[in-house]
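**Student:** The structure's right below; bear with me while I get my questions together.
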Amino acid sequence: MSFASFLYIFANNNFNLKKEVIINPRTPYRKGKEEELFRINEKIRVSQVRLVGENVEVGVYDIKDALNIAQEQGLDLVEINAKSDPPICRVVDYSKFKYEQKKKQKEMKAKAQKTVVKEIRFGPNTDDHDFNFKLKHAENFLKEGSKVRAYVQFVGRTIVFKERGEEILKKFIEQLEDFGKPEHALQMEGKKMIVIIAPATKSKK
């Protein structure tokens, strides 16, 4: 094969490859659609539904009748509980309904804050100065919204001073009553006497 023939074949094949690149990607690019959380209108494939909503007589309807009621009001039929028998559907503007659902989810997320637990350690022979120092820390923790896990650690033979440890924690709880409340009674975990204090709920005025 001559060099000229080789160039002719290469140029011809390269031209065909270019044609393929142009022809093949005719299918338009489609962005992934957001998956719907609720079935609506014709996507609700059951024979009967329990209908609820404004300007609707609550009851069980054939799916065709339920769709007609929604269409007559210029609204959508939205399946809000698929597990019910029959499924519960609401006649509502789906765009507005979906917006309200997303708004509720955001509000729930904002309220669901991670609970932080701060520890305060005492010994059965903790003196007043040390007690007050740790009490002040506990007040600040509770004010910032953290829980306080307070415990008396009994080391070696100090386990015989359980009554002293109980006095310390009861006094601790009493001094913090304006800032938090204990979640449970005093309890022993191994050689620790423990109480968890949760921040006091602020009353709405």
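Just so you know, all these numbers are worked out from the coordinates, no wet-lab data involved. What you see is a predicted model, and the numbers here were worked out from it, not measured in a lab. Counting neighbours? That spans all protein chains shown, and the Cβs are built from the backbone with ideal geometry, glycine included.
**Student:** Give, as a single signed number, the net charge of other residues whose beta carbon lies under 14 Å from the beta carbon of A150, with Lys and Arg counted +1 and Asp and Glu -1.
**Tutor:** On the way: positive: K118, R121, K134, K136, K147, R149, K170, K171, K181, K192; negative: E119, D130, E139, E166, E167, E174, E177, E183, E189.
Value of the local net charge: +1.
**Student:** Figure the gain on full extension for N55 and K102 (residue separation times 0.36 nm, minus the Cα-Cα span) and round it to one decimal in nm.
**Tutor:** Details: separation 47, 0.36 × 47 = 16.92 nm, distance 2.43 nm.
Separation in residues times 0.36 nm, less the Cα-Cα distance, equals 14.5 nm.
**Student:** Okay, next question. Counting residues in the range 157-205 as N, plug N into 2.2 N^0.38 Å and put the Cα Rg over that result.
**Tutor:** 1.37
**Student:** For q values of 0.16, 0.18, 0.20, 0.25 Å⁻¹, compute log₁₀ I(q)/I(0) with the Debye formula on a Cα-only model of the range 117-199, without solvent.
**Tutor:** Values, matching the q order: -0.53, -0.67, -0.82, -1.24.
**Student:** Additional query: Compute the FRET efficiency between K143 and L37 as 1/(1 + (r/R0)^6), taking r as their Cβ-Cβ distance and R0 = 35 Å, and round to the nearest 0.05. Provide the component values of the computation, followed by the final result.
**Tutor:** Working: r = 39 Å, r/R0 = 1.11.
About 0.35, to the nearest 0.05.
**Student:** While we're looking at this one, here's another question. Given the peptides 177-183, 50-56, arrange them by the average over their residues of other C-beta atoms within 10 Å, most packed first. Don't skip to the end; give the middle numbers.
**Tutor:** Details: 177-183: 14.1, 50-56: 15.9.
Result, highest mean first: 50-56, 177-183.
**Student:** Which far-off residues, 5 or more places away or on another chain, put their amide H under 5 Å from the one on F38, with H placed in the peptide plane?
**Tutor:** none
**Student:** Output the Cα-based Rg and Dmax of the range 41-108 in Å, rounding Rg to one decimal and Dmax to a whole number.
**Tutor:** 12.0, 36
**Student:** Past 18 Å, Cα to Cα: identify those pairs from K147/K181; K118/K181; K43/K106; K143/K181; K162/K191; K134/K171, in the order given. Walk me through the numbers before you get to the answer.
**Tutor:** Working: K147/K181 10 Å; K118/K181 15 Å; K43/K106 27 Å; K143/K181 12 Å; K162/K191 10 Å; K134/K171 12 Å.
Cα-Cα > 18 Å for K43/K106; rest within.
**Student:** Right, something else. From the backbone phi of the range 117-130, what are the Karplus-calculated ³J(HN,Hα) couplings (6.51 cos²θ - 1.76 cosθ + 1.60, θ = phi - 60°) in whole Hz, Gly and Pro given as x?
**Tutor:** Once θ is set to phi - 60°, the couplings for the range 117-130 become 10, 9, 9, 10, 10, 10, x, x, 10, 4, 7, 4, 4, 5 Hz.
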